[in-house]
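Worksheet for the structure shown next.
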Amino acid sequence: MNKLLLPIICLIVATASFAQTNKFTLTGNIKMNTGEVFPYKIVFTDASGAIKGYSYTYTAPDDTKTTITGKLDRQNRTLDFKETEIIYSHDVRSKAYMCLIDARTQYLQGADSRILRGSITSREADKTACTGGTVTFDNQSELTALFEPREKFDTVIKMGRRTKEIHPPAIEKPAIVVETPVVTDKITKGVEKTYDWHTDTVIIDVWDGGTTDGDQVTLECNGKTYLDRYALVKTKKRLRIPVSKAGTDIITILADNEGWDPPNTATLMLTDGTTQYNVISYNSKGQVSIIKIKRVK
């Protein structure tokens, strides 16, 4: 083997090994539908979104340990996992009929706190239904390390609006032209917005422009569903919706919930060729905002 290749191969192997040793611990509790609350913890490794590890229900020496597998999606801020096999189980009395659980959780970030919460279902191997409930992880440092990791060379950059400078002849002082601020239209139940449209497609980017608190929306155009109970995150979700050749298209944004920081708030950017419109839709649960797209020649 070429001796020059050996350090490179060692570096690749070391890098690959390091990527597989991302170990995390999340602590919190399980609240069963019986009303009982038990301490709960999962310890796992993350390898490109695939997780493997163990769960611990109750506290030692009365704990139950199981293996877990699942999927971590940092972009959409979700963690789904299920218990697959019991390693050991000690004698604990409970009103709940507890089995291996299947959890679907969402990361919710407020101004001063963070939680990872979701529902749990469980069944025996013979499909016998067991008691369900909710799992919550609320250790702030653990959740930050999992969903908001900072690399060694991360740099915080503050962005500001720039001004355009026009430099006339040297005998005059340079004039400064300030860009016109972007106007944001706000819509809610009873307050709609109509836009004249010149292209055959409306491009919609939708995201949570404020606090990511678990807001979900359903977006439809002329009765056709394009987003169904979609959980808003910081990452923009892009939709392309065809525009009728004549008449007016009706876009509705339904607030499916209010997250944990009411009201339900969705930020949208509508693009018509080179023209863009910024919109904020805010509603209580069950209310609908309306945008009308009027095709013009």
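For the set Lys234/Lys297; Lys189/Lys292; Lys193/Lys237, the pairs lying more than 25 angstrom apart at their alpha carbons are Lys234/Lys297.
Across the range 51-65, computed HN-Hα scalar couplings (Karplus, 6.51 cos²θ - 1.76 cosθ + 1.60, θ = phi - 60°) run 10, 9, x, 9, 10, 9, 9, 6, 10, 4, x, 9, 8, 10, 10 Hz from first to last residue, x flagging Gly and Pro. Which residues in the range 278-297 place their backbone N less than 11 Å from a point set 7 Å from the Cα of Lys189 along the Cα-to-Cβ direction? 283-289, by backbone N distance to the label point. With K and R counted +1 and D and E -1, the other residues having a Cβ less than 10 Å from that of Asp205 yield a net charge of +3. Using a cutoff of 8 angstrom between alpha carbon atoms and counting only pairs six or more residues apart, the relative contact order for the range 22-147 works out to 23 percent.
FYI, it's all coordinate maths here, none of it is from the lab. Everything quoted here is computed from the prediction, not taken from an experiment. No Cβ is skipped: glycine too gets one built from the backbone with ideal geometry, and neighbour counts run over all protein chains shown.
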